[in-house]
Amino acid sequence: MSGTTQRNDKNMPTIGAIVRRPAWVLLVLLIALALNIGAAFLPVSPFLKTGFHLIVAALTVAFIAFIFMELEKKGPTIHLFAGSGLVWIAILFLLIFSDYGLRP
Amino acid sequence: MTADSHFVFLPAAASAHARHVDWIYFGLIGVSVVIVGLVVALLLTFGIRYRSGSPAPRGKLPEWVSREIEIGWTVATLFAFIFIFWFAAASFLTTIGAASNPLEIHVVGKQWMWKIEHPNGVREINELHVPADVPVRLVMISQDVIHSFFLPALRIKQDVLPGRYTSESFTADKTGSYDLFCAEYCGSDHARMGGRIVVMPKAEYQAWLDAQPGAENLAGKGRQLFTQLGCAGCHFEKGHRRAPDLAGLYGSYVQLAGGGTVRADEAYLRDSILQPARQVVAGYAPIMPSFKGTVSEDQIFSLVTFIKSFSGDREETTQ
Amino acid sequence: MSDAVLDKTSARDESTFDKGYLGAGHTLRSWLFTTDHKRIAILYTLTLTVFFFVGGIAIALVRIELVTPAQDFVSADEYNRLFTLHGIVMVWFFLVPSIPATFGNFLLPLMLGSRDLAFPRLNLFSWYLTVIGGAFTIYVLLAGGVDTGWTFYTPYSSIYSNSHVIAAATAVFVAGFGTIATGINFIVTIHTMRAPGLTWFRLPLFVWSMYTVSIVIVLATPVLAMTLTLMMAERFLGVPIFNASEGGDPLLFQHLFWFYSHPAVYIMILPAMGVVSEVIPCFARRRLFGYDFMVYALAAISLIGFFVWGHHMFVSGQSPYANLVFSFLSFIVAVPSAIKVFNWTATLYGGQISYEAPMLYAFGFVGLFTIGGLTGLFLASIPIDVQATDTYFVVAHFHYVMVGGTVSAFFAALHFWWPKITGRMYPETWARFAAVLMFFGFNFTFFPQFIMGWAGMPRRYGSYPPEFQVYHVLSSAGAAVLAIAYLLPFAYMIWSLRWGQRAPGNPWQATGLEWQTPSPPPKHNFDRVPTVEHGPYDYHHEGYVDQKEEIAGSMQTAQTDGDQE
Amino acid sequence: MTAARVAPVESSALREPWKDIVRQRQAVELGMWAFLASELLFFSGLFAGYTIYRSLYPQAFWEAGAETDLWYGGINTAILLVSSAVMAVVPRAARWPELGLFARTMLWLAALLGMAFLVLKGFEYREDFRQHLWPGPDFKLRIEGAELFFAFYWILTSIHAVHLIIGIALVTRLAIAGARDPEWFAETPAVRATALYWGLVDIIWTVVFVVIYLPGRGG
């Protein structure tokens, strides 16, 4: 756990410095959103489209978690807890589909 | 409620399957007795021998004992448990594949009774008469909540769901009458939703069937209904049909309009009556109306039975 | 041992309620707005005791009905409401919060050497959520009850039942968030508030059990909350979710429900394992056998416990191939439990075992849990489960685990830490008697249920075929014995608050930081932050070490502790 | 002010039983992430149900998805993305007392964006009711399974909205309390906690948007 890091940097950043990175990421995310919406109208199979949508959504989520929510700066314990939610969702989906996917 | 009521220690076992399950049960009891015996013996031995202030010597354990013992009994229990799993699962696997050409009996569960219909149309409530030594398959559905058709003497139980067929198969080989219970809690009179299963010799079963009123062929009833509901108009049409041919449909594979195939089993036939638009046969327009709400589960059974038995031939020409 | 070290003269000088954290305030306000984990633990204990008796009365009526085969004592609808009330109250308002919310709350900061839990106000908030949930349950009870069974299976609960399903589900929903808050509080406390030197592998197993159970709580309970929300949405708003006539699948409810409710069994049993792992080494005067394996076993149980829920659904219409998967995984989860039983047994080897009440309860736990666990193997075997599920076999099995296991451990903990919590000793003879009575009453009640269950007696039946009567009579008679065994501690524990002998700081000469502070502990727990230099259970290292010297020495310390009181 | 942070014992944000604001912040951070994992599991039940029904009724879900309003959905998604970028700035700025005012302005901005989301959502709901998209006897679509889609539509979006309302309340409370006690605002772990919660609300919406609004477009 790295905790909060403010103690070392005594120099106050400018507002511009604080805003710059989230702003760039926001731009990327908005473009991703536009791409995702645009892709929905492509004349390809629903399966491909859904796959693409989910990948873009996953990337968006990763950006929000790692940069907006500053997960990138956290230590292994926090990563473990943040990841545990995903692992347990995977357990739920995997085993629930062992029924629905294997019904004769 | 039931025929024979007396003190029971073990339930009657009225099929080969039931006796087989009992063997697994006894095997597990054997294993359990050994393990419980071991644990209790160790608790008592250590507990008495090493009671506070007892003169028993308390020798030092060598360092390696802990880890070796620990790994040893972890692996031992793991293998023991996997063996039991295999022992039990192997017997389960043989029950997945059903016997060929069984006697099919339809069961509708509703709050709080079992409605049973034999292939020749004989109906009974809360009682199930079956011939001995004949493979029987119960095709079951619920009209309301989840029930469960439980026959302890045959060691079988299967939940009966609304909206979906489930089945259970058995071959009873000991005549007599045994308990029938609803095992899934279903409301006020759950405890009364039972009766009995009567296993009778084949000849007696036939005699019983003949003696029942209202015996008419279930498929025949389905056929009548089929005409009444106007299904014949499209499905029996000559030349170019607006609807798929039903002759020999049951058990075959159907090409779907959306791509893919589906096996025409009971569930598919039922779905096609209630939700015709869901799995449209390739080459046909989705014009069939849904019969949801128009036909009861009993009627669906007779329709399905009719379609299953329908092989085309003469019947078509008589239309 | 304990009787010898008690200082009998100082017994009646000062009320228990004037000492330590108990003396920190006597107004109602000082209790209802407290953020002291010890007082919150007391609040929980009182609340859970009330619910334990509510659930107990419900099942007493059920057992009276079942003495005769006919439905003659209560009506069928009343019967259904009674067993549902018993289930809901006992599962969510007793067993799930039982050991964590009471002993966990009280002991966790003490065992870690800290002043309080990480978020004391959140802790109080958890209790209020439990009380609000409890208030909904009481409302349901007064308004006429709920008849779905504690499992709330759809479509019965969401469409067909005419009882107070929404209020009951809300009760569980709210109480569930109380448990989640407690779980988060425990996780953070264990991560951030350990005393200097108290490394992860020096933690007592009780703390480990609290940690693993908190993880399970935090990750499983929200799924239950959503499942109940969906059920309530279908019932209240009429939108189809599980309704088969609109294309829904009632089995989806069962999958989501058991995704929580199977791990919930581990939520109940893991803390019990933690308690027993504290009690047995203490009264065997022996280091716990295989400490690190015990830790791994706890972790393994809490993880694999999430993979096995499908074994509740072997006859539900679930895919037969899924049955095989879940059956296999269920056998795997039994391995770490078995390891724990062996390790507790092996801990006794070469000890100096004395049999105070907590040890008797712990012995009872090991025996009953072993039977409960082994019958779990029966239910994991598909062909056996087909016959046994939804019968009294299952009822007996989970009562062996939850009552024989968790409740035995709860009473072990109650007696073991009672001196610490109240500053008074309980009457040892009565306690031993109650422990033995509870063990026999329990087996008397539940063993017959295995036999009648296998013979086909379905659960949730208010009337039944007469061939099962003999077992029901036995079971009801046993329940009467069990009821007395539960009322006894209630009586003598209250008695001890006034007339019990004054307890020293460490009446059992136990290791663990909680014993290094006076009984009852001061509001701030420790006058000086303790430092830890070695692992837990520092009794005899391996085998026999000079016994007499040790006892004499510890008696000396206990005596001085007593004098300070 | 910087000096006050070096001697954290005197911090006005310090709560029992903590002796050190840094440890307290670490604890809140850990607790918050554990809570977020719990929240993820809360929603996972819904998503699991959705996935199963979509696998059972692919065609119906495809057709029903086309009935949702992509304009409302898309604009709302953009609004939430902007709001979480705004929120991301808050903890980075709030720890400098000189930037406290800026951080609180950002909080108000995020709250406003959240409210804009809710207002649009309200219009969208009204439109949906007009079009008979509430499952029931006069439901617009006939195909089996479409009602299931809309059951999930309503439950997913409304539970998300409840989370957003809680988020707005937390943000507003933080902004007001921060204005009253700027020193507390610079130290309190509540800033991080609120920002994390807001992030979660956005994360959930990202997935909701993809599964609810995007199916069934473009034939």
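Which far-off residues, 5 or more places away or on another chain, put their amide H under 5 Å from the one on C:A503, with H placed in the peptide plane?
C:R424, C:M425
Going by C-beta contacts inside 10 Å, put B:Y284, C:Y361, B:Y205 in order with the fewest on the left.
On the way: B:Y284 15, C:Y361 29, B:Y205 20.
Listed from fewest to most nearby Cβ atoms, that is B:Y284, B:Y205, C:Y361.
How large is log10 I(q)/I(0) at q = 0.09, 0.11, 0.20 Å⁻¹ when the Debye formula is applied to the Cα atoms of the range C:63-172, each weighted equally and without solvent?
Debye intensities relative to I(0), on a log10 scale: -0.34, -0.48, -1.02.
Return the calculated 222 nm mean residue ellipticity for chain B, to the nearest 500 deg cm²/dmol, obtained by summing -39500 (n - 2.57) across DSSP H runs with n ≥ 4 and dividing by the residue count.
Helices in chain B give a 222 nm mean residue ellipticity of -12500 deg cm²/dmol.
Taking the convex hull of the Cα atoms, report for the range C:310-355 its projected area averaged over all directions, in nm². Let's see the in-between values first.
Numbers: hull surface 18.0 nm².
Directional mean of the projected Cα hull area for the range C:310-355 stands at 4.5 nm².
Would you mind getting me the FRET efficiency between B:Q212 and A:L42? Use the beta-carbon distance for r and R0 = 60 Å, nearest 0.05.
0.40
Of D:D181, B:D159, how do they rank once you tally other Cβ atoms within 10 Å and put the fewest first? List each step's numbers first, then the result.
Numbers: D:D181 13, B:D159 28.
Going from sparsest to densest Cβ surroundings: D:D181, B:D159.
Quick query: amide H of B:I146 versus all other amide H atoms, modeled in the peptide plane; which residues come in under 5 Å with a sequence gap of 5 or more or a different chain?
Close amide H contacts, sequence-distant or interchain: C:Y156.
Taking the simple approach of a point 7 Å from Cα along Cα-to-Cβ for both B:R67 and C:L46, what is their distance in nm?
Placing both labels 7 Å beyond Cα along the Cβ direction yields 5.2 nm.
Can you list the equivalent-ellipsoid semi-axes of the protein assembly as shown, largest first and in whole Å, using the square root of 5 times each Cα gyration tensor eigenvalue?
Output for the protein assembly as shown: semi-axes of 53, 43, 24 Å.
As a footprinting exposure proxy, order B:R196, B:R155 by other Cβ within 10 Å, with the fewest listed first.
Neighbour counts put them in this order, fewest first: B:R196, B:R155.
Going down the list A:K74/C:K420; A:K74/C:K340; C:K38/C:K340; A:K74/C:K19; A:K74/D:K121; B:K157/B:K202, which pairs span over 32 Å between their C-alpha atoms?
A:K74/C:K420; A:K74/C:K340; A:K74/C:K19; A:K74/D:K121
For the pair D:D138 and A:T77, what calculated FRET efficiency results from E = 1/(1 + (r/R0)^6), where r is the Cβ-Cβ distance and R0 = 60 Å, to the nearest 0.05?
Working: r = 53 Å, r/R0 = 0.88.
So, using R0 = 60 Å, E works out to roughly 0.70.
Whose amide H sits under 5 Å from the amide H of B:V281, counting only residues 5 or more places off or on another chain, with H placed in the peptide plane?
B:A257
Pairs of alpha-carbon atoms within less than 8 angstrom and 6+ residues apart define the contacts here; what relative contact order does chain B have, in percent? If you can, show how the numbers build up before the last one.
Details: 482 pairs, mean separation 50.0, N = 319.
This gives 16 percent for chain B.
Residues of the range C:492-523 with amide nitrogen under 18 Å from the 7 Å Cα-to-Cβ point of C:F433?
Only C:492-497, C:499-501 fall inside the zone, counting backbone N under 18 Å.
Can you classify the range D:30-135 as rounded, prolate or oblate using the Cα gyration tensor, where a ≥ b ≥ c are the square roots of its eigenvalues, rounded means a/c under 1.5, and otherwise it's prolate if a/b beats b/c and oblate if not?
oblate
I'd like the orientation of helix B:16-49 relative to chain B: the angle between its Cα long axis and the longest Cα principal axis, in ° from 0 to 90, rounded to 10.
Value to nearest ten degrees: 20.
What ³J(HN,Hα) values, in whole Hz, does the Karplus curve 6.51 cos²θ - 1.76 cosθ + 1.60 give for the range B:156-167 when θ = phi - 60°, with x put for Gly and Pro?
10, 7, 8, 5, 10, 9, x, x, 7, 6, 10, 9
Taking R0 as 51 Å, what FRET efficiency do you get between B:R263 and B:A76 from their Cβ-Cβ distance, rounded to the nearest 0.05? Don't jump to the answer; show the numbers that get you there.
Working: r = 45 Å, r/R0 = 0.88.
According to the calculation, E is roughly 0.70.
Of B:W73, B:W208, B:W86, which has the largest mean-square fluctuation in a 10 Å C-alpha GNM of chain B?
B:W73
What's the local net charge at A:A82, with K and R +1, D and E -1, over the other residues with C-beta under 12 Å away?
That sum, taken over residues with Cβ under 12 Å, equals -3.
With a length cut of 30 Å (Cα positions projected on each helix's long axis) and a Kyte-Doolittle mean of at least 0.0, go through chain C and give me the DSSP H helices that pass.
Counting only whole DSSP H runs, the qualifying helices are C:37-65, C:120-143, C:165-192, C:205-237, C:250-284, C:320-347, C:357-380, C:428-454, C:469-499.
Classify chain D: rounded, prolate or oblate, from the alpha-carbon gyration tensor (a ≥ b ≥ c, eigenvalue square roots; a/c under 1.5 rounded; otherwise prolate if a/b is larger than b/c)?
Verdict is prolate for chain D.
For peptide B:119-127, how many partner chain Cβ atoms fall within 10 Å of a residue's Cβ, on average?
If you average over the peptide's residues, the count of other-chain Cβ atoms is 0.
Compute, for chain C, the length of the dipole vector about the Cα centre, with Cβ point charges of +1 (Lys, Arg) and -1 (Asp, Glu) only. Units Debye, rounded to 20.
With only Lys, Arg, Asp and Glu charged at Cβ, the dipole is about 580 debye.
At q = 0.12 Å⁻¹, what log₁₀ I(q)/I(0) does the range C:33-564 have when each alpha carbon counts as one equal point scatterer in the Debye sum?
For the range C:33-564, the Cα-only Debye profile gives -1.14.
In sequence order, what are the phi-derived ³J(HN,Hα) couplings for the range B:117-134 according to the Karplus relation 6.51 cos²θ - 1.76 cosθ + 1.60 with θ = phi - 60°, rounded to whole Hz, with x for glycine and proline?
Computed from phi, the couplings for the range B:117-134 are 10, 7, x, 8, x, 5, 10, 8, 10, 6, 9, 10, 9, 9, x, 6, 6, 10 Hz.
Working from the alpha-carbon coordinates of the range A:5-104, get Rg over Rh, Rh being the Kirkwood radius.
Ratio value, two decimals: 1.12.
A:A90 versus C:Y321, label points 7 Å from Cα toward the beta carbon: distance in nm?
For A:A90 paired with C:Y321, the spin-label model returns 2.2 nm.
Using a simple spin-label model with points 7 Å from Cα along the Cα→Cβ vector, what separation in nm is obtained for C:A70 and B:V295?
4.5
Per residue of C:364-375, what is the mean number of Cβ atoms on other protein chains within 10 angstrom of that residue's Cβ?
3
Karplus couplings for the range A:45-59 from phi (6.51 cos²θ - 1.76 cosθ + 1.60, θ = phi - 60°), rounded to Hz, Gly and Pro as x?
These are the phi-based 3J(HN,Hα) values: 5, x, 4, 4, 4, 4, x, 4, 3, 5, 5, 4, 4, 4, 5 Hz.
Using the membrane-span-like helix rule (whole DSSP H runs, Cα extent along the own axis of at least 18 Å, mean Kyte-Doolittle hydropathy at least 0.5), which helices of chain D qualify? Don't skip to the answer; put the middle values down first.
On the way: long enough: D:21-56 (52 Å, 0.70); D:70-94 (36 Å, 1.33); D:100-130 (45 Å, 0.68); D:146-180 (51 Å, 1.47); D:190-213 (33 Å, 1.68).
Answer set is D:21-56, D:70-94, D:100-130, D:146-180, D:190-213.
If you bin the C-alpha pair distances of chain B every 20 Å from 0, what whole percents do you get?
25, 43, 21, 9, 2, 0
Throughout, read-outs are computed from the coordinates displayed, never taken from laboratory work. Keep in mind that this is a model prediction, so the values were computed, not measured. Please note: Cβ atoms are built from the backbone with ideal geometry, for glycine as well, and neighbour counts cover all protein chains shown.
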